[in-house]
Every structure is written in structure tokens, then in C-alpha cells.
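Just below is one structure, and these are the notes that go with it.
What follows is calculated from the coordinates using simple rules that are stated; it is not laboratory data. Just so it is clear, the model here is predicted, and its values are computed rather than measured. We place every Cβ from the backbone using ideal geometry, glycine too, and count neighbours over all the protein chains shown.
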Amino acid sequence: MPTSLSQMLTLAAAAPEGAATTWMPEQASTAAERTDTLFYFLLYLSIFFFVLVIGATILFAVKYRRRHARQRTSPIEGNRKLEVAWAVIPALLLVVIFAWGFRDFIHLSVPPGDALDIRVTGQKWFWSFDYPKEGISANELAVPVGRPVKLTMSSTDVIHSFFVPAFRIKRDVVPNRYTVVWFEATETGTYDVLCAEYCGTSHSRMLAKVKVLSENDYQAWVDSGGGLSGKGMSSVEFGKLLFQSKGCATCHSVDGSARTGPTLKGKYGALEALVGGQSAKVDDNYLRESIVDPAAKVVQGFEPVMPTYAGKLKDKQLNALIDYIKSLGTSK
């Protein structure tokens, strides 16, 4: 048990690195160690004062318990030095905690000048990542190990929150404005991306992955167009990959179950009832229009919440998605 401020700081600085602990997930970025040091300082500080206050309470309760009238202690008078101490010491600790936290917040808000620039877009209910310099648009965040990465983030609909537990970064993603955060991954591997702000029906499915690669593997990923070139795959296989990676599976099932959007099982060739009393046959043209302009024809019983993929998919990718949907069965 820490017994002094210096001991608490020593314990905080000695927080476990790399592997997950009882209190925190694994550390996989330079920000993780800084964040965990502050966390452990607060943890040990809280334990210290908890033991001090509860121990003093029990001691005084026993020492000054109610006794017979003839055994009562003399009245307790105030102690100015003690009163000043218990006001000043917590105030100083609060200033230290605020300054420490603010310093780390500023550190995460101001990326290095040589950081890799990536744009993050949050929308119901998936993340998309654009690499302006490389000309890549993907639904997984691939980054090289040991290089700072700047994320410029915005939302197309409601407030989301970009959260990578292993990196200890979390920042709100807000419509009509940009928020910035940066990190430098220290370990190769695959890490979870979560949305930490409730954003609607499929909030819990708003997941993505960060793939931290070696420099050579990252360059190979860039050369392959973000892993979504479809090289060596059939059109249906490529479409299935896109269906998962582009977030289609978040809202559309392929087994007939109901989700935010209509199921795609056995839909090709069917006649869909639309909002407004019209109907449309599910053919190649309908599927393409529904992907690039989903608000044009809204299926009856569903809300027009699907985002547009216009400009986000190449013709080859659109064709592959249509082929995959056709492979899910036709209307009888």
C-alpha cells in the first residue's frame, strides 16, 4: 500500500506495459503509457485517501464512542492548522491532476508535422477511412507501426465517438465540423475500434479494426489498393468481401432476418413495395441505384437511413456487390 505521494508516483510510473492488466487493456500506442500512468496515480491516490478516511472514521468512532455521563470526554475545539491542511492539500492535488490531464489532452490534440494523414467518417453504422495521398478508401484502418498517424474525423449524421481501447484514444465525431486526434502504434496486430457514443439502433454493431502493419506490409497494403482490389477473387467473392468491409452487413441480413434495412436473401427479381405506394423490380439497375442513391426508392416499412456510396465505390466494386446480392437467391 503506498504511504506517500512519492511512492504513489513511483507505482504509477511502474504501471505494466504491453500486456493487458486487471484494470486496463493492453498498451499498443505511445499514448497508452501516458494515460495509464495518470490512471494508476489516481487509483493509488484514491486507495490511499480511502484507507486514511475510513481508518480515521473507525478510530474516532471507537475512541469517542458514547460513554456514561461521568466518563464523557472534554469538548473538542477546532484546530486551524488541521482545517487549513485538509483544504489546501486536496486543492493542490486537484490542480496537479487537472494540469496532468490537460497536458496529455493537448498532446493528443496536436499531431506531429510528419504524421500520416487519414480522414475518418462516422455514419450509421460504420466507419470509413480515406487516405488522401494514397487515393484509398477503406473500412479498415491500416497504419504502419512506429509512425505517427493523424485522424481528421467528421460525421455525416449524428454524434459518434471514435474509441480504440488499446491505444487509449477516444474523441467525439461530430456532424458539420472536424475533430482531430493522433496516435503512434507501438505493436503490430489487429485492434478493435468502437463507437463510444450511442447513435441509434445498430450502435453496438458500429465496429471496425485497426491493422498495425510493418512498413513493408503497409506498403504492400497501399499497393493493393487497401486490400479491396479483388485481385485473384471471383466477382461474387469480391462482392462478399465488400459487403462485410463496407458495413452493408450492419443493416442488411443475408439469412432473411429483420434488421434496420430489408434482408437481401432471395431479393433479386422480386417486386418491392415502396414508400408512396409504388413498386419496383429488384434488378441490376435497382440495386445500383439503391447503393449510390438509396433515398431514391425507399422500401415500405423502413426508414431512409442508408448513406450514399456515390463516389466511394468504383464500377468494379459496384458490379461485385450486385453479383454477390444476386448469388443470395432469386425471387420465386
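Key figures
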| item | result |
| --- | --- |
| Förster-model FRET efficiency, 25 Å R0, ALA295 and ALA273, C-beta, rounded to 0.05 | 0.90 |
| Least to most buried among TYR131, TYR198 (fewest other Cβ within 10 Å first) | TYR198, TYR131 |
| Added length on full extension, which subtracts the Cα-Cα distance from 0.36 nm per residue, ASP255 to ASP192 | 20.1 nm |
| Check: the chain dipole with +1 on Lys, Arg Cβ and -1 on Asp, Glu Cβ, in debye | 1520 |
| Principal-axis tilt of helix 315-327 within the chain, Cα atoms, nearest 10 degrees | 80 |
| Rounded Å value of the spacing that divides the Cα centres of segment 166-193 and segment 101-141 | 7 |
| Between helix 235-245 and the chain: long-axis angle, C-alpha atoms, 0 to 90°, nearest 10 | 30 |
| Sequence of SER128, SER46 once ranked by neighbouring C-beta atoms within 10 Å, starting from the fewest | SER46, SER128 |
| Relative contact order of the chain, pairs being alpha-carbon contacts under 8 Å that are 6 or more residues apart, as % | 14 |
| Loop-located trypsin sites (Lys or Arg not before Pro) in segment 160-201, at most 11 other Cβ atoms within 10 Å (DSSP) | ARG177 |
| Dipole of segment 34-164 [Lys/Arg +1, Asp/Glu -1 at C-beta], most positive-end residue of ILE159, GLY122, VAL88 | VAL88 |
| Rounded to whole Hz, the Karplus (6.51, -1.76, 1.60) HN-Hα couplings of segment 149-158, x for glycine and proline | 10, 9, 10, 9, 10, 8, 10, 9, 9, 10 |
| Neighbour-count ranking [beta-carbon atoms within 10 angstrom, fewest first] of LEU59, LEU321 | LEU59, LEU321 |
| For ALA270, distant residues with modelled amide H under 5 Å away | VAL282, SER331 |
| Cα-projected label distance for VAL88 with ASP315, points at 7 Å along beta-carbon direction, nm | 7.8 |
| Net charge contributed by nearby residues that have their C-beta within less than 14 Å of TYR286 (K/R +1, D/E -1) | 0 |
| Label zone at VAL180 (point 7 Å along Cα-to-Cβ), backbone N below 15 Å, segment 90-113 | 105-113 |
| Trypsin sites (Lys or Arg not before Pro) lying in DSSP loop within segment 109-162, provided at most 12 other Cβ fall within 10 Å | LYS133 |
